[in-house]
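Following: one structure in structure tokens, then a few remarks.
The values are calculated or read from the model by the stated rules, or taken from the named source; none is laboratory data. Everything quoted here is computed from the prediction, not taken from an experiment. Cβ placement follows ideal geometry from the backbone for every residue including glycine, while neighbour counts extend to all protein chains displayed.
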Amino acid sequence: MRFVPRFTDGRAFPQPLGKIVCVGRNYAEHARELDNPVPEAPLLFIKPASSAVSLEETIDAPFARGEVHFETELALLVGETLKDADAADAAEAERAIVGIGLALDLTLRDVQGRLKAKGHPWEVAKGFDGACPLSAFLPLGAVPNWSALAFTLAVDGEERQHGHGADMLFPVPELVAEMSRHFTLEPGDVVLTGTPAGVGELSRGAELRLALTGGLEVVTRVVD
Ligand code: ZN
């Protein structure tokens, strides 16, 4: 059964989730911690709809395949079709966004490293079943101040990641517009906006607390 995005007020989005369009390096500090160059254009990839699960459920991952990393990201729910949007027209991209939430972009880091070293595609490291735990989405009444948005991840009570919209290399409207130039964004698609520094190994049994300042808090656990 396809995952259906939900709003924080309990409403279900009228359509099941489509694709999840992601950006690889949208915070300079995170690019540096993985020894990756800071990109000139957003590095885009897609996680399939089958990778989505609710962040509120116990998190499971294919631990037998090597190290699983957490990446905490601001997630956007797309409510309108957007194609070839003008990057200079923030309002055009903003109109397509109807919700804002949090996600984990779970990554099989060892698998990804081996595939990257060979120059191979690394979908299997990012697109496995359960690779995208998603929170409920805060309905967007008005366009938020993207650069003022902040979110955190604490693991077993210790803060590990702290993201600020102002630190994004490609701010939300520009990023969403650029994505729409490669992939038509459709109602029910989700956009992940990249992870700040502090990514690390997801440990079995850990408690994760994700918070979007002033809006959303989810406490979840990794399977034992
Ligand atoms: Zn990511």
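Which residues, taken from segment 2-34, are assigned to a loop (DSSP other than H, G, I, E, B), within 16 Å of the ligand (Cβ to nearest atom) and more than 18 Å from the chain's Cα centre (by Cα)?
Selection gives nothing.
Only residues that are touching a Phe, Trp or Tyr at 6+ places or on another chain (Cβ under 8 Å) and either surrounded by fewer than 18 Cβ atoms within 10 Å (Cβ to Cβ) or part of a helix (DSSP H, G or I) (or both): list them for segment 202-224, please.
Those that are touching a Phe, Trp or Tyr at 6+ places or on another chain (Cβ under 8 Å) and either surrounded by fewer than 18 Cβ atoms within 10 Å (Cβ to Cβ) or part of a helix (DSSP H, G or I) (or both): 204, 213.
Within segment 16-24, is there a residue that is over 26 Å from residue 217 (Cβ atoms) and either among the hydroxyl-bearing types (Ser, Thr, Tyr) or modelled with pLDDT of 95 or more (or both)?
Taking every residue of segment 16-24 in turn, at least one turns out to be over 26 Å from residue 217 (Cβ atoms) and either among the hydroxyl-bearing types (Ser, Thr, Tyr) or modelled with pLDDT of 95 or more (or both).
If I filter segment 52-67 for residues that are under 20 Å from residue 15 (Cα atoms) and basic (Lys, Arg), do I get at least one hit?
No.
Considering every residue within segment 178-194, establish whether at least one is within 16 Å of the ligand (Cβ to nearest atom) and touching a Ser or Thr at 6+ places or on another chain (Cβ under 9 Å).
Scanning segment 178-194 turns up no residue that is within 16 Å of the ligand (Cβ to nearest atom) and touching a Ser or Thr at 6+ places or on another chain (Cβ under 9 Å).
Tally up the residues in segment 3-28 that are acidic (Asp, Glu) and without any contact (Cβ under 8 Å) to a residue 40 or more places away in the chain, please.
Number of matching residues: 0.
Filter segment 79-118 for residues that are assigned to a strand (DSSP E or B) and more than 16 Å from residue 146 (Cα to Cα) and give the result.
Selection gives 82, 103, 104, 107, 108.
Kindly provide the set of residues from segment 72-96 that are crowded, with 17+ Cβ neighbours inside 10 Å and touching a helix residue (DSSP H, G or I) at 6+ places or on another chain (Cβ under 6 Å), ordered by number.
82, 85, 90, 93, 94
Would you please list the contacts, defined by Cβ atoms under 6 Å and residues six or more apart or on different chains, that run from a residue in segment 189-218 that is closer than 26 Å to residue 35 by Cα to a residue that is among the aromatic types (Phe, Trp, Tyr) and within 16 Å of the ligand (Cβ to nearest atom)?
194/27; 196/27; 202/70
Among the residues of segment 133-170, which ones are closer than 25 Å to residue 37 by Cβ, part of a strand (DSSP E or B) and either free of Cβ contacts under 8 Å to residues at least 40 places away in the same chain or among the small types (Gly, Ala, Ser) (or both)?
Answer for segment 133-170, where residues must be closer than 25 Å to residue 37 by Cβ, part of a strand (DSSP E or B) and either free of Cβ contacts under 8 Å to residues at least 40 places away in the same chain or among the small types (Gly, Ala, Ser) (or both): 162, 163, 164.
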